[in-house]
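Taking it in order: structure first as structure tokens, then the write-up.
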Amino acid sequence: MEFAKLHGLGNDYVYINTLDQDVSEYDLPELARILSDRHFGIGADGMILVMPSDEADFRMRVFNADGSEAEMCGNGIRGLVKYVYERGMTDQTTVNIETGAGILRMALTVREGVVTAATVDMNSPRLVRRQIPMLGEPADEPVIEQPLEVDGRSFDITCVSMGNPHCVIFVADLASFDVTGIGPQIENHELFPERTNVEFVSVADREHIKMRVWERGSGETLACGTGACAAVVAGALTDRTERQVQVELLGGELQIEWHEDEHVFMTGPATEVFSGRVNDRVVAPARK
């Protein structure tokens, strides 16, 4: 099995091209767990399949490190378009990708044949409670700064779906915040039937925020593209930020803009680290 390892601001994935190789004989969640293991596998936050699509130029499937499937990955989709462009699978600098969150349109920045950045139209955020999804009433209204008690503490949460669920919390001291303690408790809170990603955000100024993220199924990661989008939407909804914001993550920076037409645009880089072939014995346990 051939693969490539790419990351967006340190949010890293193993990419498998299914246009050239058949993965139907594998249990995909188990394959993702094996490949993502940082000690016994390749090591990544998850696995991304590059697939053909009847509706777009390509299709993307995303599996978290624990084997669960995600609807979408903002950093991962930038890596996917870099992968297909630099391998000559497309010569277009505008590419449509089918995802579990719908078809997303990508605009590539290319210099001397290398994709240096990509801007993704992430579509409009979903703000209604039942669309996130999140339990409770009123089901057809947004969740903005709702108190949530976790581990004896109360947090004001603002919830957003960017095709996948996000719970945004603004904090004063991001560096010392207990992300690894509070994050998993909110991820698995009974209010979120499909679990949730959790963003912890501090506001530097109205056009600059800092963020740490606890990703559903992967733990704390260095960056999360959909999470950065959700954080900017939450910042605007609570009047903490403007609608065009620089988001500083542990792995680097993303530019996010929530347009007046309600579409959210994300711009950032993607980097290929290496490519290779997995030893058949390593992935054998994932064969059906």
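The values are calculated or read from the model by the stated rules, or taken from the named source; none is laboratory data. Everything quoted here is computed from the prediction, not taken from an experiment. Cβ atoms come from the backbone with ideal geometry, glycine included; neighbour counts cover every protein chain shown.
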- Residue check: is ALA65 surrounded by fewer than 17 Cβ atoms within 10 Å (Cβ to Cβ), under 21 Å from GLY227 (Cα atoms) and in contact with a strand residue (DSSP E or B) (Cβ under 7 Å, 6 or more places away or on another chain)? no
- Query: When both residues are 6+ apart or on different chains and their Cβ atoms are under 6 Å apart, which pairs have a first residue that lies in segment 263-281 and is loosely packed, with under 14 Cβ neighbours inside 10 Å, and a second that is among the basic types (Lys, Arg) and at pLDDT 95 or above?
  - Reply: VAL273/LYS5; PHE274/LYS5
- Query: So which residues in segment 1-35 are in a strand (DSSP E or B) and of a type in the set (A, V, I, L, M)?
  - Reply: ALA4, LEU6, VAL14, ILE16
- For LEU80, state whether it is under 15 Å from the mean Cα position of the chain (by Cα) and at pLDDT 95 or above. yes
- Output yes when any residue across segment 237-250 is surrounded by 17 or more Cβ atoms within 10 Å (Cβ to Cβ) and among the hydroxyl-bearing types (Ser, Thr, Tyr), and no when none is. yes
- Item | Pairs where the first residue, in segment 26-50, is among the acidic types (Asp, Glu) and the second is part of a strand (DSSP E or B) and buried (at least 21 other Cβ atoms within 10 Å of the Cβ), C-beta under 8 Å, 6+ apart | ASP45/ASN11; ASP45/ASP12; ASP45/TYR13; ASP45/ASN64; ASP45/GLU215; ASP45/THR221
- Task: Considering each residue of segment 121-132, count those that are surrounded by fewer than 24 Cβ atoms within 10 Å (Cβ to Cβ) and either within 16 Å of ASN75 (Cβ to Cβ) or of a type in the set (Lys, Arg) (or both), and give that number.
- Result: 4
- Query: Taking LEU148, is it part of a loop (DSSP other than H, G, I, E, B), of a type in the set (A, V, I, L, M) and at negative phi?
  - Reply: no
- Have a look at ALA101, ALA107, ALA139, ALA117 and point out the one that is without any contact (Cβ under 8 Å) to a residue 12 or more places away in the chain and of a type outside the set (Ser, Thr, Tyr). ALA139
- Message: With the requirement that a residue be more than 12 Å from the chain's Cα centre (by Cα), of a type in the set (Val, Ile, Thr) and outside any strand (DSSP E or B), what does segment 188-243 give you?
- Response: VAL232, VAL233, THR238, THR241
